[in-house]
1. Being farther than 18 Å from Asp6 by Cβ and open to solvent by less than 80 Å² (accessible area, probe 1.4 Å) is the filter here; which residues of the range 60-93 pass it?
2. Among the residues of the range 48-59, which ones are open to solvent by 90 Å² or more (accessible area, probe 1.4 Å) and among the charged types (D, E, K, R)?
3. Give me the helices (runs of 4 or more DSSP H) completely within the range 34-93, filtered to those with at least 2 residues that are farther than 20 Å from Lys15 by Cα and among the basic types (Lys, Arg), ordered by residue number.
4. If you go through the range 57-93 one residue at a time, how many are of a type outside the set (S, T, N, Q), within 30 Å of Ile30 (Cα to Cα) and out of contact with any helix residue (DSSP H, G or I) (no Cβ under 6 Å at 6 or more places or on another chain)?
5. Which one is surrounded by the fewest Cβ atoms within 10 Å (Cβ to Cβ) among residues in the range 12-47 that are in contact (Cβ under 8 Å) with a residue 40 or more places away in the chain and within 28 Å of Trp68 (Cα to Cα)?
Amino acid sequence: MNPSLDERIAQVLSKGGDEGTLNNWESGFIISIRNQLSLNPSRELSLKQLNWFQKIEAKVLSNDPEKWLEEWNEEKAKKLAIAVAYYDHSGYY
């Protein structure tokens with residue numbers, strides 16, 4: 001397995017798991033490609049697998065909770081309140 005790709009996969013799983021930024025499908029996908037590469041170290045990811053991994057990696061690495069908190073303001077609070085009120089009354093589906 002490519003050591004740098006192995007490190008990147010480990011970083012995404014660790015950071016994404018710690019921060020809760022990976023959904024179940026993303027986590028399963030990354031674990032699956034990690035297992036595939038572990039079983040066959042000379043194997044390379046397909047173009048689609050690599051594209052999906054890079055998309056997930058960008059999502060995880062761009063997550064910055066401190067920045068999100070710094071950017072929180074009255075306008076965002078009002079929009080959240082509107083959404084909560086709407087879904088509170090409309091129920092699920």
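1. Asn63, Asp64, Pro65, Asn73, Ala77, Ala81, Ala83, Ala85, Ser90, Gly91 - these are the residues of the range 60-93 that are farther than 18 Å from Asp6 by Cβ and open to solvent by less than 80 Å² (accessible area, probe 1.4 Å).
2. Looking only at the range 48-59, we keep the residues that are open to solvent by 90 Å² or more (accessible area, probe 1.4 Å), and these are 48, 52, 55.
Those that are open to solvent by 90 Å² or more (accessible area, probe 1.4 Å) and among the charged types (D, E, K, R): Lys48, Lys55.
3. Once the helices (runs of 4 or more DSSP H) in the range 34-93 are filtered for at least 2 residues that are farther than 20 Å from Lys15 by Cα and among the basic types (Lys, Arg), what remains is 74-90.
4. Qualifying residue count for the region: 9.
5. Only one residue fits best here, namely Glu19.
The values are calculated or read from the model by the stated rules, or taken from the named source; none is laboratory data. Computed from a predicted model, the values in this text were never measured in an experiment. With ideal geometry, Cβ positions are generated from the backbone for all residues, glycine too; neighbour counts draw on all protein chains shown. Just the protein is used for accessible areas: all its heavy atoms, side chains included, with ligands, DNA and RNA removed. Shrake-Rupley method; radii C 1.70, N 1.55, O 1.52, S 1.80 Å.
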